[in-house]
Structure formats: structure tokens, C-alpha cells
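S.K.: Encoded as C-alpha cells, here's the structure I'll be asking about.
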Amino acid sequence: MSKNLYGLIARFETPASVMHAAEKVRDSGYTRWDVITPFPIHGMDAAMGLKRSRVPRFTLAGGITGFTLGMLMIWWMGAVDYPLIVGGKPYFSPIFAFPISYELTILLSAFGTIAGMFILNRLPIHYHPVLKADMAARATDDGFFIVIEKDDPKFSVEKSRSLLEEAGAVEIGELED
Amino acid sequence: MSASQAATSVSPAADEPSRLANASTFLVVGVLFTAITAAGAMFADGHRLAMSWLMAVVFWIAVSLGALVMVLLHHIFDAGWSTVIRRPLEHWIGVFPLLAGLFAPLVLLSLFGQHDLLWKWMDHEAVAGDILWVKKSAFLNPTAFVVFNILFFGAWIWVAGRLRKHSFAQDDDGSVEHTLANRKTAAFGIPLTALTLTFAAFYWLMSLEYHWFSTIYGVWFFATGMKAALALTVLICLYLVRKGVFVGIFQTGHLLNLGNILLAFTVFWAYISFSQYFLIYNANVPEETFWYNLRELNLASGERNSWWDVGLLLLFGNFFLPFFFFLGNANKKKPARMVAICVWILLIAFVDIAFNALPSIKQANGDAIPFGVTVFDVTALVGIGALCFWSFFRSFARTRCIPIRDPRIVESLHCHE
């Protein structure tokens, strides 16, 4: 089994104990690890040392692209490709190009947000080693888990196991890749 | 005092009067500055002076209506996070009787003194031959004006009074009935406030140029008021934190949420203001465009006037600056930055009111008077504002600083990011 080792999984009894354990794992300097719980736990992001999501950057990029595209589109269509005077207005003005630019800002912001989310969380994942562990089934009910991956630079089967034990794990298993 | 109240660590604001600014200081400043403004009648032009008073009182009414709507929204959404900031707002909205009294002189002077002091249509004989007035005279006549104004202030005093009464009573008996009663008040209070503030904006500001009409005008007035009220809320809450009253109560989460709503209303203000401009620009009908022409050009010479610059100031100062500020998440969590932007928003909201009101005063050749701030603009704004703060601090000292037995108070105290 250890040939295909993916990492260690540890079960905790309560939200509080998994939160304190997460703080210990964070402070030990691990980077490739995760917490799996049946429901969101308030304050877990900080306990895991997670930074703020980078999704808003994708949103902003989408918004700026949308606004620019909208302005360019109206300018190109109305002033370059097919110049036509409508209602005595100039061929191009940002005023009447604004509604369409605004709509495109929102549309591409939404696209950017969704695309950014999928790029950053790498979903959909059709297979994950945690799904093979029997005890992980309790993550949908009453189990609180921490998974430390083998790929973590600080990982060692013995040290990581003892860290999780010290942190209050009630059950520890090895995950097969 | 019941046992459960005694057990809590949150003491009534009344126990610690020394921490906060003295209400009577504001009374002295308010009376002094409003008196100086009134004394201006001896030196200054009557129309311009009355306009100073109108802009100041309408600005503070807009702020107070925004505060009223915030409390109504809190109840209609059964919101949790905003419970602690609801209390300062409840103290603020006790100001409507005072504002009614401060608005009354304008109505009385127009009725019994100089009819065209502010609203030219009040002078019946002068406008009798104007078909655009005749068609609107069912709405734009002194009787309807007085009746509607009584209805406006009556509605606001009544709705605000109900909200305050139940919230303060809940501090004593802890009954959930008060929360439910206020939810009902919110259900009818929101449409009532929306309609009254819309028609108030029509009467007070839009009818200054009675040839002009814009159905979205009430929404603009609401947007400006909400923005200013939210900015004031941030300033008051941070002041209370600084004075120790709100330490451990007003969290970064509250500040962030208020910043987020401010972002929403910054966009909303721009959306409404742009929609109004855009529809008039696109339709290009002279009955509507003249209002914007006055705010862009000197009609005789065709050159841009000072209102063009004010318009650009509003575009960049009232939209782009706060918009990009509030987009940054970190900005909304830093009290010092929030204070700076909120003071700016309050100032620019007044400029927004001035942009709408002031050009209705004309020069001899029919052009709008240039943009300018007089001493009496400042004294009226400060004087009426100080009286509002007097009312606020007087009310504040009488109750607990947060609604301590509200069912959602614990949720609100744990409002983290």
C-alpha cells in the first residue's frame, strides 16, 4: 500500500478539535493538505491559513474586457463599418455606447467569475483518493477529517502521523492513490 | 431592572454620559448657526438665502430618510448582522419632527410672504398664462403643497415613531412581539416611505423648475439619501467605537458590510443618474433637455458654464472615486480610509443636491447662476446638521447603546468577515 501512498487521513470528533488540529498543521508549515467536514465551520479559513480567494481578479479582468469590448464594438459598428446618423447624434459617443458596455461588463464579469472558480478549484475532479477510504464516508455525517498529502515537502509518515495524533485525532489511516 | 438585564455587561448609554459629545453643545451650535442664516435675510438676496436653507434642510431630510429606509430594510429582511447598527439609526430617525419644524418656514414664507421665493409656480398670477403650469396645477398649487407636506412629515414621523417605540420597549420587556410589530411596520412603511419621498422630491426639488419632469427623480433622491445615510452610519459607528461605546460591538464585519452596501448604492446612484440623463439625451425633446442645457451651457454665448464642471465632479467624485475605492476589499476594512471616503460622500451628496436645486435661480439673461458656495450655505448646512445631532445625542442618552434583547443581537455581535 505504501508504494501508492497518497497521504494520511485523520478523523476528529468535534468541529472544535478539527479546528485546533488545523491550526497545528498550519503552524507546522504544511502546504498540501485539506480539511473535510460535513458542514462549513466558521473561522476554518483562518485556522487553515487560507488566503483570500483570487477569484475577484478574474472577475475584474472579465469586467474590464467586457467594458472595453462594448465601447469598441459600438465605435467600430457606428463610426467605422457602417456610419449612420441616428437621432442627430454623433457617429460615436460613450454616452449611448454605455448601456451595451455596461451589460457586457456584467456578462463578462460573471463569465470571469465562473471560469476563475473552475480554474482555481480544478473542478470537476472525477476521482479523488479520499473517496476510497471507508472512514471518509462519515465526512457527510459526523466525521471531521484532515488529509495531509504525500507530496507536501514536510510530509513524513511517522512525523505527520504523530502530529495528527498529538492534535487529537481519534483515528488515522493511510490513503491509497 | 430585571435579572437578565443586570447580568449583561452592556450598560445603558445613559450610565456613561461623559464619554460622548454633549448634546447641548450641538444645540448651541445649531441655534447659533441657524440664527446667523436667518439673520442673513437682512443682507443677502432672499431667493438665494431661501435656497441655502432649502438645500441644507433637504440634504438632512435625505440623510434621515436614508436612515429610516435602512431600519425598514433591516426589519423586512429579518436581517441579523445589522442589529447593532440599527440602534444609532433608530436614534437618528427621531429627528423628523425637528426637520418638519425647520422646513415649515419655507412653506410659510412662500404662502404668506414672497410667493415665488423658491417655487415660481407658487406665484399664481405670474404663471396663470403658462399652459405648462395650468396642466400641472392640480398638483402644483399651494393647497396641495401644504396637504402633501403634512402627509410627508406625518408619514415619516409616524413610521419612525413606531419603529423607535417597539425597539426601545423591547429593551425593557424582551418580548418578541416588538420585532414582529416592526416587521409589519416595515411591510407598509417601505411603500409608504417610497411614495412620500418620491413626491417630496417632486415638490421640493423638481418643481423648482416646474416646466421640467422626470419620473425617475424620486429614485435619484432616494439613492442620494441612502448613500449619504450609509456614510453617516459609518461615521457615527466609528465615532462610537472611538469613544469606547461600540468597542467589541462594532466589528470589522459590520464595517465591511456597510462598505459593500455603499458600493451597491454608489452604483445605484450612477445607474439612476445616468438613466435620467441618457433617456433625455436620446429622446432629445426640448421640454426635457433644457434642464441639462442649463447645467452645461450659457445659452446666450453657447459657452460651457461652471455647472459643466460640477457635472464632471459628480461623475468622477460621486461615482468613479467611491466605486474604485469600494471595489478594493482591504479599503472597506480600514476605519481611517472609510472615514475619509464617507466624509467625502457626504460632501459630494450636498453638491449633488446643489446641482439639482441651485441652477433654478436665473441671471437676468436667463442663464443659471454660476456654481458658488455662500457663507449662508455653510451656516445653514452646519446649523441644521448640528440640530439633527442634538436630537440624535439626546435620544442616544436615553436608551441602551444596542438593542440588547433583540432576538438577533447575538448573531449581530458575532458578525465577522
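The values are calculated or read from the model by the stated rules, or taken from the named source; none is laboratory data. Keep in mind it's a predicted model, so treat the numbers as computed, not measured. Cβ: placed from backbone, ideal geometry, glycine included. Neighbour counts: every protein chain shown. Note: accessible area is taken over every heavy atom of the protein model, side chains too, but ligands, DNA and RNA are not part of it. Shrake-Rupley method; radii C 1.70, N 1.55, O 1.52, S 1.80 Å.
S.K.: Restricted to the range B:387-404, and to residues that are at pLDDT 95 or above and open to solvent by less than 10 Å² (accessible area, probe 1.4 Å), which residue is nearest to residue B:53 (Cα to Cα)?
M.R.: The qualifying residue nearest to residue B:53 (Cα to Cα) is B:388.
S.K.: If you don't mind, there's one more thing I want to ask. Would you confirm whether or not the range B:73-90 contains a residue that is part of a helix (DSSP H, G or I) and closer than 23 Å to residue B:357 by Cα?
M.R.: No, the conditions are met nowhere in the range B:73-90.
S.K.: Being surrounded by fewer than 24 Cβ atoms within 10 Å (Cβ to Cβ) and in a helix (DSSP H, G or I): is that true of residue B:126 here?
M.R.: Yes; evaluated as a whole, the condition is true for this residue.
S.K.: Of (1) in a helix (DSSP H, G or I); (2) over 21 Å from residue B:95 (Cβ atoms); (3) among the polar types (S, T, N, Q), residue B:224 satisfies all except one. Which?
M.R.: (2)
S.K.: Considering only the range B:297-323, how many residues are touching a helix residue (DSSP H, G or I) at 6+ places or on another chain (Cβ under 9 Å) and either within 13 Å of another protein chain (Cβ to nearest Cβ) or open to solvent by 50 Å² or more (accessible area, probe 1.4 Å) (or both)? Give the derivation first.
M.R.: First, pick out the residues of the range B:297-323 that are touching a helix residue (DSSP H, G or I) at 6+ places or on another chain (Cβ under 9 Å): B:297, B:299, B:305, B:307, B:310-311, B:313-315, B:317-323.
Those still in the list that are either within 13 Å of another protein chain (Cβ to nearest Cβ) or open to solvent by 50 Å² or more (accessible area, probe 1.4 Å) (or both) too: B:299, B:311, B:313, B:315, B:319-321, B:323.
Final tally of qualifying residues: 8.
The rows are residues; the columns are (1) among the charged types (D, E, K, R); (2) in contact with a Leu (Cβ under 7 Å, 6 or more places away or on another chain); (3) under 22 Å from residue B:368 (Cα atoms).
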| site | (1), (2), (3) |
| --- | --- |
| B:222 | no, yes, no |
| B:233 | no, yes, no |
| B:242 | yes, no, no |
| B:294 | no, no, yes |
| B:314 | no, no, yes |
| B:325 | no, no, no |
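S.K.: Filtering the range A:14-42 down to residues that are open to solvent by 60 Å² or more (accessible area, probe 1.4 Å), closer than 15 Å to residue A:147 by Cα and part of a loop (DSSP other than H, G, I, E, B), which residue is nearest to the other protein chains (Cβ to nearest Cβ)?
M.R.: Ranking the candidates gives A:31 first.
S.K.: In the range A:55-85, how many are open to solvent by 60 Å² or more (accessible area, probe 1.4 Å) and more than 12 Å from chain B (Cβ to nearest Cβ)?
M.R.: Total satisfying the criteria: 16.
S.K.: Restricting to the range B:195-221, give me the number of residues that are assigned to a helix (DSSP H, G or I) and surrounded by 15 or more Cβ atoms within 10 Å (Cβ to Cβ). Working first, answer last.
M.R.: Initially, the range B:195-221 is screened for residues assigned to a helix (DSSP H, G or I), giving B:195-204, B:206-209, B:217-221.
Imposing the further condition that a residue be surrounded by 15 or more Cβ atoms within 10 Å (Cβ to Cβ) reduces the set to B:196-204, B:206-209, B:217-221.
Matching residues across the range B:195-221 total 18.
S.K.: Something else about it: Please state which of the following conditions residue A:160 fails to meet, knowing it meets all the rest: (1) within 30 Å of residue A:47 (Cβ to Cβ); (2) open to solvent by 60 Å² or more (accessible area, probe 1.4 Å); (3) assigned to a helix (DSSP H, G or I).
M.R.: (2)
Per-residue answers, yes or no, for (1) in a helix (DSSP H, G or I); (2) in contact with a Phe, Trp or Tyr (Cβ under 6 Å, 6 or more places away or on another chain); (3) at pLDDT 95 or above:
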{"position": "B:249", "(1), (2), (3)": "no, no, no"}
{"position": "B:263", "(1), (2), (3)": "yes, yes, yes"}
{"position": "B:269", "(1), (2), (3)": "yes, no, yes"}
{"position": "B:323", "(1), (2), (3)": "yes, no, yes"}
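S.K.: Is it the case, given these coordinates, that residue B:285 is at pLDDT 95 or above, surrounded by fewer than 20 Cβ atoms within 10 Å (Cβ to Cβ) and within 14 Å of another protein chain (Cβ to nearest Cβ)? First the steps, then the outcome.
M.R.: Numbers: at pLDDT 95 or above: no; surrounded by fewer than 20 Cβ atoms within 10 Å (Cβ to Cβ): yes; within 14 Å of another protein chain (Cβ to nearest Cβ): yes.
So residue B:285 fails the test.
S.K.: While we're looking at this one, here's another question. Taking residue B:213 as meeting all but one of (1) in contact with a Lys or Arg (Cβ under 9 Å, 6 or more places away or on another chain); (2) over 25 Å from residue B:272 (Cβ atoms), write down the number of the exception.
M.R.: Here residue B:213 clears every test but (2).
S.K.: Here is a check on your reading of the model: is residue A:50 in a helix (DSSP H, G or I) and of a type outside the set (Val, Ile, Thr)? Steps first, please.
M.R.: On the way: in a helix (DSSP H, G or I): no; of a type outside the set (Val, Ile, Thr): yes.
So residue A:50 fails the test.
S.K.: Would you point out the residue of the range A:86-136, among those that are open to solvent by less than 60 Å² (accessible area, probe 1.4 Å) and part of a loop (DSSP other than H, G, I, E, B), that is nearest to the other protein chains (Cβ to nearest Cβ)?
M.R.: Among them, the one singled out is A:87.
The rows are residues; the columns are (1) within 24 Å of residue A:50 (Cβ to Cβ); (2) at pLDDT below 95; (3) of a type in the set (Val, Ile, Thr).
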site: A:64; (1), (2), (3): no, no, yes
site: A:113; (1), (2), (3): yes, no, yes
site: A:122; (1), (2), (3): yes, yes, no
site: A:126; (1), (2), (3): no, yes, no
site: A:140; (1), (2), (3): yes, yes, yes
site: A:153; (1), (2), (3): yes, yes, no
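S.K.: Moving to a separate point now. With the requirement that a residue be under 28 Å from residue B:35 (Cβ atoms) and in contact with a Phe, Trp or Tyr (Cβ under 8 Å, 6 or more places away or on another chain), what does the range B:325-351 give you?
M.R.: B:349, B:350
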